[in-house]
Amino acid sequence: MTLLFEKDIMKFISYYEKLDRKIQNFNFRKYFMKKWIEPEDVNVPPGFFEITPGHTLVAELLIRRGFKLIEDVKAFLDPAYFKPSPSTDLPDMVSAVERIEKAFKNNEPICVWGDFDVDGQTSTALLVSAFREMGGNVTYYIPFREKESHGLNLPALERIIAGNIKLLVTCDTGISAHEEIDYAISHGVDVIVTDHHDLPDLLPSAFAVINPKRLDASHGLRELPGVGCAYKVVEELYRRQGRESETWKYLDLVALGIVSDIATQTGDTRYLLQRGLEVLRNTDRLGLRVIMENSGLKQSRISEEHIGFAIAPRLNSLGRLSDANLGVELLITDNSERAIILAGMLEGLNLRRRVLCDQVLKAAIDQIDRDTTLLDYSALVMSHQTWPTGIIGIVASRLADIYNRPVILLSTSLKDIARGSARSVKGCNIYQAISAHKELLIGFGGHTMAAGLSIIPENIPDFRHAISTTLGDMSDNMTDTIKLSSYLPLSELSMELVEELHRLAPFGPGNELPVFAARNVSIKGCSRIGKKNEHRILMLEDGTGQDYRVTWWQGASSPLPEGTFDMAYTVKNVNYQGVKELQIEWIDARFIEQIISPVVMDIVDFRKEGDRKSVLKSLETIKDMQLWSEADNNISGKNRYELIASEILIIWTVPPGPEELRAVLKKVSPSKIYLFAMNSVNDSEEVFLRHLSGLVKYALKSKDGKVNISFLAAATASREIAVKKGIQWLVQKGYINISMAGADEILITEGNGETVNNINEILYELKKILEETAAYRKYFLRANKSQLLT
């Protein structure tokens, strides 16, 4: 979280009090109030070990995930054993492909109408590519989100029909477009709907409606996304031509759509994703190859995670901020120059998308701060005229995560209509809740966890009240839970074990990444990372005294658990610059109930003493004493990392921040404290950088460039976050280059002397970090002694 700073000390204290209240209200609930579902005890049949050799954990996880038959396990782990469902299991499939074949034969103009997200883009690209390959006369159309919103719309449909099309095929849309489909039929156009969204009360009167939701809930095709429906249509067309084996070439698009639409990975959906990832790792599709190159991805190692965090956001940026038709062009073009141009456009739009998301997120949180009554409702329903419709769904998802409730954000940029996106939380069917109040809406569509809607702005307050009442009735199902896969001590982790666990991949809804729990761990140290210092690196210690490096994504603004606790985590093998290493990722903490006798610290306050050095000298004979002093060459003390447990702690230097103070108190556990708090450190960025530069030069000259971040923090009496930002500034100025030599150690080499463009931005961030430290030091000198050390 970026902090705001005021020179006036009272404003600083007021800000921290406000921040503390936010943390208590939300972050503790989010991170430390989740319900842990314990792993059930299981007995593994002997046959399971034969197909999952190695660690017994893999077999246990399969049993816990409901597998009972060895044949099912084989089909889950290896797509070669899976028997895919025939395309004709989908209702209306036969009539649909017969009508498409007729269009091919008679050279009838066909229009494929898609949606602007990745599922829609890949569905459209798949159908257009396959239809053209089979001789079809095909065009395609995806609405412009900002002006037309989701689904079919009459103005665009009128223009397309005027072009003399005879067949309209929708993909990833159309299931609720009664009026538009009736209009097309009345003008002599047959309509085939392929869609996967929840069914309306009445199906549209299309020539054929292909939707997996028409199948039984247990059917293998039930969870297909839009691109899966499109693929099954093409699969059946190829089968009827005796060319079924050729459909594999479209599976790279299928993999993109499945992951991007967060489809549940069961049955045929998982099978298609497994096969699709294999194709994607070897695809010759020009657009995808350029996207992967621009994203810095190694094609042969592409996983579902790379799709979700790198490829999909780039393609989605077109539909959110520009024209998704360009995404289809990128996916089907065989012109390398055009592919490079379009992929470059994606990079720029994706960067803009990230900036806009940050701006809207901040504005939404500010709106909640100004009107806290919004939190009295079961759903956060907010609107603003400047919020871009293309990105509010992303922001709604972030807010749902922060406030642990469904969120609906609406853009009122058009005076007569507000368009919005809804995102839900576990246990809440947001589509069902919205549909219960359709009389207040112009239109809506979606599924359990996400939906889109349009509404007259005047109806927003009534809608907020109505949907909150409905959601209140669902609240019993909305408990935030973590389902533990197993208890696994950190000491048992190994590269080999994680490789075995990866046999369960690809992961996603319906096949979640295993979540393990480690008992009795404690935090030994922490630092912040990320462009905005939004993440944390924790050094954890287990009961044996062994240290482990844990990454806590988006954890920088959240409170750290104190004492000993249980940690829920995930683990994976990451490949960084060709080197494989284990990455443990923080999920949650559960406090351990302990009966601890309260420790009363006797605090002797010398902060206002005139001659503090003389007072300190009189204390030199005290036994079992630790003197905490940093960046003061005249005092022979220990820095924060060198201190050990002791009965008495002398605090000579003003700490740089509350986290550093708490860490020292935890480490030393004193019963008595002598408080001197000498504030001889200049926290201006000029002085700090001059001091840091001197230390870096010393490391280059005398330490072969090797130096610890902790050493630099102690030597400058600063926080590690300031040191890292200062190092970043030196790198961007071209003075030095760095590489990581360990969790805390960096290797410094001489730079090339070239300054990069964002140097002022880095300097500004450093200035704010140092201002925060300076403000805390002032607070430390003035605050009541008992308040400082709690």
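Computed 3J(HN,Hα) for the range 346-357, one whole-Hz value per residue from the Karplus formula 6.51 cos²θ - 1.76 cosθ + 1.60 where θ = phi - 60°, is 4, 4, x, 5, 5, 5, 5, 4, 5, 5, 5, 4, glycine and proline marked x. For the pair the range 361-403 and the range 619-633, the centres of their Cα atoms are 50 angstrom apart.
Residues whose amide H lies under 5 Å from that of V707, counting only those 5 or more places away or on a different chain, are I746, I748; hydrogens are built 1.01 Å from N in the peptide plane. When each of the peptides 191-203, 113-125, 291-303 is scored by the mean number of other C-beta atoms lying within 10 Å of its residues, the order from highest to lowest reads 113-125, 191-203, 291-303.
Once you have the Cα-Cα distance between K147 and Q299, take 0.36 nm times their residue separation minus that, and quote the gain in nm to one decimal.
Length gained, K147 through Q299: 51.1 nm.
For a paramagnetic label modelled on E750 (point 7 Å from Cα along Cα→Cβ), amide N atoms under 12 Å away belong, within the range 692-731, to 701. Here the extension length gained between K426 and K524 equals 32.0 nm, from 0.36 nm per residue of separation less the Cα-Cα distance.
For the range 229-292, the spread of Cα positions along the three principal axes, ordered from largest to smallest, is 34, 28, 16 Å.
Rounded to the nearest 20 Debye, what is the dipole magnitude of the range 237-296 about its Cα centre when Lys and Arg each give +1 and Asp and Glu each give -1 at the C-beta?
Numbers: 9 positive and 8 negative charges, 36 e Å.
The calculated dipole for the range 237-296 is roughly 180 debye.
With an a/c value of 1.5 or above and a/b not larger than b/c for the gyration tensor axes a ≥ b ≥ c computed over the alpha-carbon atoms, the range 497-567 is described as oblate. 3J(HN,Hα) along the range 173-182: 6, x, 5, 10, 8, 4, 4, 5, 5, 4 Hz, from the Karplus curve 6.51 cos²θ - 1.76 cosθ + 1.60 with θ = phi - 60°, whole Hz, x for Gly and Pro.
Between the amide H of G443 and those of S454, distances stay under 5 Å, these residues lying 5 or more places away or on another chain, with hydrogens modeled in the peptide plane.
Of the residues L77, V254, Q583, the one whose Cα sits farthest towards the positive end of the charge dipole of the chain is Q583 (charges of +1 on Lys and Arg Cβ, -1 on Asp and Glu Cβ, taken about the Cα centre). Taking every DSSP beta bridge that has both ends in the chain, the antiparallel portion is near 55%.
Taking label positions 7 Å along the Cα-Cβ direction at both K701 and E499, the computed distance is 4.7 nm, reported to one decimal.
Taking only protein heavy atoms and a 1.4 Å probe, the accessible area of the chain is 50% carbon and sulfur. Residues D358, D252, sorted by accessible area with the largest first, give D358, D252 [1.4 Å probe; ligands and nucleic acids excluded].
Packing-based ranking of 258-271, 132-145 yields 258-271, 132-145, ordered from highest to lowest mean Cβ neighbour count within 10 Å. In this structure the amide hydrogen of L410, modeled in the peptide plane, comes within under 5 Å of the amide hydrogens of M382, S383, H384, none closer than 5 places in sequence on its chain. With R₀ set to 41 Å, the beta-carbon distance separating I37 from S413 gives a calculated FRET efficiency near 0.45.
Return the inverse of the average 1/r over all pairs of distinct C-alpha atoms in the range 663-738, which is the Kirkwood hydrodynamic radius, in Å to one decimal.
Result for the range 663-738, one decimal place: 14.0 Å.
Taken as Cα centroids, the range 173-218 and the range 234-268 sit 21 Å apart, rounded to the nearest whole angstrom. The residues packed around L700, meaning those with a beta-carbon under 11 Å from its beta-carbon, carry a net charge of +2 if Lys and Arg are +1 and Asp and Glu are -1.
Between F49 and R782, the modelled labels are 6.9 nm apart [label points 7 Å from Cα along Cα→Cβ]. Over every Cα atom in the chain, the radius of gyration and the widest Cα-Cα span, Dmax, amount to 29.9, 103 Å.
Of the peptides 430-443, 399-412, the order by per-residue mean of other Cβ atoms within 10 Å, starting with the highest, comes out as 399-412, 430-443.
The values are calculated or read from the model by the stated rules, or taken from the named source; none is laboratory data. Please read all numbers here as calculations on a predicted model, not as lab measurements. As a convention, Cβ positions derive from the backbone with ideal geometry for all residues, glycine included, and neighbour counts pool all protein chains shown. The protein model used for the area step is the full one, side chains on, heavy atoms only, and it has no ligands, DNA or RNA in it. Shrake-Rupley method; radii C 1.70, N 1.55, O 1.52, S 1.80 Å.
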